[in-house]
Ligand SMILES: Cc1cc2nc3c(=O)[nH]c(=O)nc-3n(C[C@H](O)[C@H](O)[C@H](O)COP(=O)(O)OP(=O)(O)OC[C@H]3O[C@@H](n4cnc5c(N)ncnc54)[C@H](O)[C@@H]3O)c2cc1C
Ligand code: SF4
Ligand code: FES
Ligand code: FES
C-alpha cells in the first residue's frame, strides 16, 4: 500500500492513522477495519440512519462518506458519546423510557439526538420528530424515542 | 456494499479543479456531498475511475442572500432564518429534501445536478442485468417507453424548481472559462434524457446567483411524496410572485419531480401579469399547467395521480404564496 | 399450573427497562455482524435473474480458479430439502434443477474479500431453459404447463388447500335477516427489520460447527443445519447473538444460513454471510399477498349466524409456514365473536416470486380487515352502532368456538367499553365534518401456537434452567429468542420476582445450543406465555431449595417461611428472617451450586378433525381500537390523528414492553394500510430498498392512547398473555372504517394510497351518493 493510502483523523478524541484506500467507505473502515461495531449497517444506501456518526460535530451518514474525506477531521461514533462510566443523559433516557427495543437503530438515534440537543436544547415534539426522520426504527413506532429525547432535554439542566 | 476502486482527487481551487477535469476528461465524476453519487456507485451505475472531490475548493463553499456556493450544505441553509425570509420558496424546498441526515451532507450543487431517477435505473447491477440494461446505464433501450430511444427518467431534485421561480442563475467554470446562465437553461430541453444537462464536458458548477430583482417575491414550494421524510419528490411545485392587492405584478411557476426536466410556465403566467387572479382564473391556470405536465410510470405513485395533483398543488402553492409573507 | 400471585407483585406489572438496554444504547450489544473471527472469509451469493427456469448446467471452473477464492458451491452438493414445517420440505439451500424466482440462490462463493467474491461470481456461467413464469396465483389455481413444484396439487400451483365447514352455512344464509359480502385485496408486505440477515459460521478441527445467526428460532435453524449438512445436531452449535428485529422474517431456517455453514465446512475457515438490503427483500417471507371474499349473515337480532370465507393466498416460490397461513386465514376469524356456522376455503398458491411466510400477526391480519369492514357495513345497514353490534356477538369467556377453540379469559367487552368511552365515540361517529371520521376495528389472536412444530405436544415447548453459585448471581439459560420484544427482561423479572431478589442478580445468558435448553423461539406470540410459565416453574423450584436453606438456618419448618425482598423470613415477619445470600449458602452446603429447571407443555386442545390443531392456543388476546382520521379530499392524502388502543393481554407484566409492542404494532399496521407494498410487476420485485418500500416516517405516527384492560388469564404466567402480534391487527380495520366515516367510501384494496382515496371519492360522486352533507 502506498504511503498516501492512509487516513489520519481524530477518532473519538484520539488521533488515528490507518491504511485506507480511496474508495473505502467510512462505515466499512469503522466496522470492518477498526472493529468499532457500535455504528450499524442497516441499508448501506443512506435511508436508515443506523450508520450515523458525527463528523466535526455534524451527524453524518457514514455509509455515504468516503473515509479519506475525513482526513484531518474529528469523527465521533457512539463509542465516543458514551461516558467511561455510566450512560449519557440521552442514553439513560432511551433505556428508562423504552426507546430501544431490538436496539439495532439505537446507536444512530442516540447520535442524532445528541447532536439535536446540542443545537436545540429544548426541542418541541414536532422538532424532535423532524430531526429523527432520517433514522428508521421498525420496532418502537417512534413514540418512546420522542419521549426519551424530550426527557433527556429536560434532564440536562 | 463496497465501492469499486477509483482514484480520489482533492483540488483546492476552481482553476485546479477545471484543469483536473480537463485532464481526466470523461473518466471522472465530481463528488460533492456524495449522497446521490455514492448510492449510485454502490449500485454500479456509470462508474468512473476518478472522483474529483469538491469539498476543499474554498470558492464553492458558503452562501449569502445573493449567492449560494455549489458546496453550500442544505443543512446550513435550512438553519438560516434570514435566508428563509428572503427566499421562501427555496427555503421550503431545502427543508423538504430527503432527510435531515442527507441534508447534513447534501449540497446545493449536488441537488441541482443530481442524477434523474427511474424504477428501472435506481437498481442494483444484478437487478438491471436480470431485466436487460437500459439506455441510461449499460444498455440501449428504454423499458418505460420502449418505442423511443429517449430516457424519461425523472428530474427529482427539490431545489431546481424553487430556484427557477426566483430567476436564479448558475455560474459554471470550464476549460473555456466561466459563464453564467439561467438555471432553467442548465437542463437540456433538446437532450435525449441521458444527456440531460447543458454543461460542457468538464464544466463545474461554481455557484447559484439569486438576483436582487427577485427579492421580495412571495414564494412557496409544495412537494408530493408518499412520506414526509426520505422520499424524492413525486411532484414539486414552486411559486414566486408579487401582488398588489389581488393584481398580479409578477408570477413564476415551476414544476419538478414529474418529467425529465424541471419546467417553468412563463407563457401562462406572463399572461396574468396586470390582472387579478381570482379563484376561477387560478383554477384555469392550474388546469392548464396540469394538462401540459406528463409524468410516466417510473416512480412509486401512478402517473395519472401525479398528473392530477399538478393542478391541485399549483393552485394551493399559488394561494399559499400569496398569503405568505413577502421576503 | 400457574395460579394467581400469592403475594402482591413487586416487580412484575411495573415499567421494567430492558436489562440489556445499557448495552444497546452504547453500541455494545453484540449482533452477529459485530462478531469477528480470525481468518474470516466473505461469503456471497449468486442469485437467479430468471423467474422460472430449468438449470441445464452451471460452470464454476473460472470462479474456482480465481485467486483468493476458497470455495464455490452449487445446489447438488447439499440437495436435501428442508423447510420450517416438517410436512412441507420443499426448499433447498441452493437451487437444484430449477430456479423459481428472481433472487433464488444458484451458487455461492467464499473468498478472501467482497471484491474477490464478486469477481468470482461474475465468472459463473449458467445455462438454463427458461420456463413460463406464474406471478399471479389465480393462474396457478388451474392446471399449468410447468408447475413450479412437483408437489403442487394435480398439476396446479396450489400448495395447500383447506376446506372446512362447521354447522350449516347455507341454511344460515337462507334464514338470515341481512347478509353482506366484502372482497378484500392485499398486496404483500415485508418485515423490514433494521438488521439485515447475517450469519457467521466456523467449522473447527474438533469436528464441530458453530453458527452465529440473526434468527428468531435458533432451534429450527439447528435442526435444518443438521438435516441438510448431514451433521448430527450435537456437533453443531447455534448461537443467537442480539437480533435487530425479526417480526417473523427470521423465523424460518433460511437458505443463506445453511449456505454459509456449508461454506464454512467446505473451507474449514470462518465464513461471514452478510446480506445486502436488496437480498433481504428477495429473501422476503413477508405477509402473503391475499385476495379474500367474506360473506357474513346476521339474524334479525343482529347476531352473527355465519361466516363464509374464501381466500387465495400468494405463497411465492416456497412453502415456508404456508400451510399454517392457509389455515389461519380462515380460523383466525373465529374470534372475537361467536360464529355458529362457519365455512372456509383457502388456497395457497405457489408463484414465481420471493417466498411469503410469517409476518407479525401472521394469518390474522388480512382476513380481519375484511371481516371488520363487513361488520361495519352490517352495522350501518341495520342501523346499529358498530360497538353495539360487536358487543352483542362477543365470545363469552370459558367457551368453545364452533371449531373447538377453547376460549378461557377474554376481556373483549371491557376493551369495547373503554375504547368507546375514551375515544368519545358517541359524540363523533357520523357526526364529525366531512373528511374527518372515526372507525372501530377489533382483533383476536393466538397467545402461542399450541402445536410445537417439530415435536409431539408431550415434549416441552419451553424449558428454562437456572443455576446459582456462591456469588449469588442467578444464571438463566433458555433458547427463547429475544429479538427486541423484551423476553430476556421478562425472563429475568420473573425469576427475580419469584425469588424476591433484585433484578441485577439475574443474568440471562446468550442463547447457545450447547447450554441453552430448548425453547422453540420467537414466533406465534408464544414466548411470554410459555417461557414465562417455564421460568416461573424453574424459579419456584429454586426458591424451594433456598427456602430450605433458610429453614435450616432458622430452625423452623420451610412451610412457615416466605420470600421478602432479598430475604427469607417467617410469614408476615420480614425482620425475623435471613438474607438471601445466607440462605443460599446454607442450601449449597450439600450440593454446591443450585440448579433448577422449569418447562412448559401445551395442554391438549382442539378437535379431532383434519387441521383441528391449527389456531389452537392456550389463550387468546382481544382488542378494540378506535382510529380518528383526517382526509384531504382533494388530494386523497390523509392523516391518522389518534388511535385508542384497548387491548386484553391478560395481566401486564412489563408495562414498558407492552406499550412498546402496541406502539410498534400500530406503526407496522399503519405501514401496511397506508403505503407499504412489495411492488411486483409480473414476477419482478421493483422496490427492494428501504427508500422505495414505504415504512412510515415518525411524523406519520398518530397519538396513541393505550388502554390495557385484561383480566388475569387462568393459565398465563401470573395471568399474562401475548402482546407481540395481537396489537397490530385492529389497527388496519379501525383506520379503514374511519376513512369510511370520513368520506363515505369503502376501501377494500390495501394499501390505501392517496390515489385510491381519490378513486373512491370519484366513484361516490359518479354514483351521486352524498355523505355528511358533501
Ligand atoms: C435516502 C435519500 C433520499 C433522498 N431524497 C431526496 C429528495 O427528497 N429530494 C432531493 O432533491 N434529493 C434527494 N436525495 C438526493 C440527494 O441526497 C440530494 O439531492 C443532495 O442534495 C445531493 O447533493 P450531494 O452534494 O450529496 O450530491 P453528490 O452526490 O455529491 O452529487 C450529485 C451529482 O452532481 C454532480 N455534482 C455535484 N456537485 C457538482 C458541481 N459543483 N459541479 C458539477 N457537478 C456536480 C456529481 O458529480 C453527481 O453527479 C436523496 C438521497 C438519499 C440517499
Ligand atoms: S426512462 Fe427508460 S432509459 Fe431512462 S432510466 Fe428509465 S428505463 Fe432507463
Ligand atoms: S446504513 Fe447508512 S443510512 Fe442505512
Ligand atoms: S429498536 Fe428495533 S429498529 Fe429501532
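Odds and ends about this structure:
- Of all residues in the stretch C:254-268 being in contact with a helix residue (DSSP H, G or I) (Cβ under 9 Å, 6 or more places away or on another chain) and part of a helix (DSSP H, G or I), the one that is surrounded by the most Cβ atoms within 10 Å (Cβ to Cβ): C:261
- Residue B:219 being under 28 Å from residue A:129 (Cα atoms), within 15 Å of the chain's Cα centre (by Cα) and more than 16 Å from ligand 4 (Cβ to nearest atom): no
- Looking at the stretch C:1-108, the strands (runs of 3 or more DSSP E) lying wholly inside it that each contain 2 or more residues that are more than 14 Å from chain A (Cβ to nearest Cβ), farther than 23 Å from residue C:212 by Cα and over 26 Å from the mean Cα position of the chain (by Cα) sit at C:53-59.
- Subset tally (residues that are modelled with pLDDT of 95 or more and either more than 23 Å from residue C:353 (Cβ to Cβ) or not assigned by TED's automatic domain parsing to the domain that holds residue C:45 (or both)) for the stretch C:80-113: 6
- Residue count for the stretch A:42-64, restricted to those that are within 15 Å of ligand 1 (Cβ to nearest atom) and either more than 7 Å from every other protein chain (Cβ to nearest Cβ) or out of contact with any helix residue (DSSP H, G or I) (no Cβ under 9 Å at 6 or more places or on another chain) (or both): 4
- Answer residue from the stretch C:509-523, given it is in contact with a strand residue (DSSP E or B) (Cβ under 6 Å, 6 or more places away or on another chain) and crowded, with 24+ Cβ neighbours inside 10 Å and is farthest from residue C:458 (Cα to Cα) among those: C:511
- Lone unmet requirement of (1) at pLDDT 95 or above; (2) within 28 Å of residue B:178 (Cβ to Cβ) for residue B:272: (2)
- Scanning the stretch B:212-247 for residues that are free of Cβ contacts under 8 Å to residues at least 60 places away in the same chain and more than 30 Å from residue B:152 (Cα to Cα) yields B:213, B:214, B:244, B:245, B:246, B:247.
- Of the residues making up the stretch B:177-190, those that are free of Cβ contacts under 8 Å to residues at least 60 places away in the same chain and either surrounded by 17 or more Cβ atoms within 10 Å (Cβ to Cβ) or in contact with a strand residue (DSSP E or B) (Cβ under 9 Å, 6 or more places away or on another chain) (or both) are B:178, B:179, B:180, B:181, B:182, B:185.
- Of the residues making up the stretch B:30-65, those that are within 16 Å of ligand 2 (Cβ to nearest atom) and either more than 18 Å from the chain's Cα centre (by Cα) or farther than 22 Å from residue B:14 by Cβ (or both) are B:39, B:40, B:43, B:44, B:45, B:46.
- Criterion (buried (at least 24 other Cβ atoms within 10 Å of the Cβ), within 14 Å of another protein chain (Cβ to nearest Cβ) and not in a strand (DSSP E or B)) met by exactly one of C:480, C:485: C:485
- Extreme residue, nearest to ligand 1 (Cβ to nearest atom), among residues of the stretch B:119-151 that are assigned to a loop (DSSP other than H, G, I, E, B) and touching a strand residue (DSSP E or B) at 6+ places or on another chain (Cβ under 7 Å): B:121
- Residue selected from the stretch B:67-104 under the condition touching a helix residue (DSSP H, G or I) at 6+ places or on another chain (Cβ under 7 Å) and in a loop (DSSP other than H, G, I, E, B), by the criterion nearest to the other protein chains (Cβ to nearest Cβ): B:97
- Test: residue in the stretch C:153-176 that is out of contact with any strand residue (DSSP E or B) (no Cβ under 8 Å at 6 or more places or on another chain), part of a loop (DSSP other than H, G, I, E, B) and farther than 22 Å from residue C:366 by Cα: no
- For residue A:35, the test of being surrounded by fewer than 19 Cβ atoms within 10 Å (Cβ to Cβ) and facing another protein chain (nearest Cβ under 7 Å) is passed.
- Any helices (runs of 4 or more DSSP H) falling wholly within the stretch A:62-157 and containing at least 2 residues that are touching a strand residue (DSSP E or B) at 6+ places or on another chain (Cβ under 6 Å): A:106-119
- Number of positions in the stretch C:269-292 that are farther than 24 Å from residue C:89 by Cβ, out of contact with any strand residue (DSSP E or B) (no Cβ under 7 Å at 6 or more places or on another chain) and crowded, with 23+ Cβ neighbours inside 10 Å: 2
- Selection from the stretch C:739-774 of residues that are touching a strand residue (DSSP E or B) at 6+ places or on another chain (Cβ under 7 Å) and either under 19 Å from residue C:676 (Cα atoms) or at pLDDT below 95 (or both): C:739, C:748, C:749, C:750, C:756, C:757
- Filtered residues of the stretch B:152-193 (kept if more than 16 Å from ligand 2 (Cβ to nearest atom) and part of a strand (DSSP E or B)): B:169, B:170, B:171, B:172, B:173, B:174, B:177, B:178, B:179, B:180, B:181, B:182
- No other residue among B:86, B:116 is in contact (Cβ under 8 Å) with a residue 40 or more places away in the chain and either within 16 Å of ligand 4 (Cβ to nearest atom) or within 24 Å of residue B:201 (Cβ to Cβ) (or both) apart from B:116.
- Counting only strands (runs of 3 or more DSSP E) that sit completely within the stretch A:3-61, zero hold 1 or more residues that are within 16 Å of ligand 2 (Cβ to nearest atom).
- Residue A:79 being away from ligand 2 (no atom under 16 Å from the Cβ), within 16 Å of residue A:15 (Cα to Cα) and at the interface with chain C (Cβ under 8 Å from one of its Cβ atoms): yes
- Selection count where residues are in a loop (DSSP other than H, G, I, E, B) and at the interface with chain A (Cβ under 9 Å from one of its Cβ atoms), scope the stretch C:657-691: 3
- Test: residue in the stretch A:84-105 that is within 25 Å of residue B:55 (Cα to Cα) and either within 12 Å of the chain's Cα centre (by Cα) or within 14 Å of chain C (Cβ to nearest Cβ) (or both): no
- When the criteria are applied in full, residue B:275 fails the requirement of being over 30 Å from residue A:129 (Cβ atoms) and within 17 Å of the chain's Cα centre (by Cα).
- Selected residue [facing another protein chain (nearest Cβ under 10 Å) and in contact with a helix residue (DSSP H, G or I) (Cβ under 8 Å, 6 or more places away or on another chain)] from C:717, C:698: C:698
The values are calculated or read from the model by the stated rules, or taken from the named source; none is laboratory data. Remember, predicted model here, so these are calculated numbers, not experimental data. We place every Cβ from the backbone using ideal geometry, glycine too, and count neighbours over all the protein chains shown.
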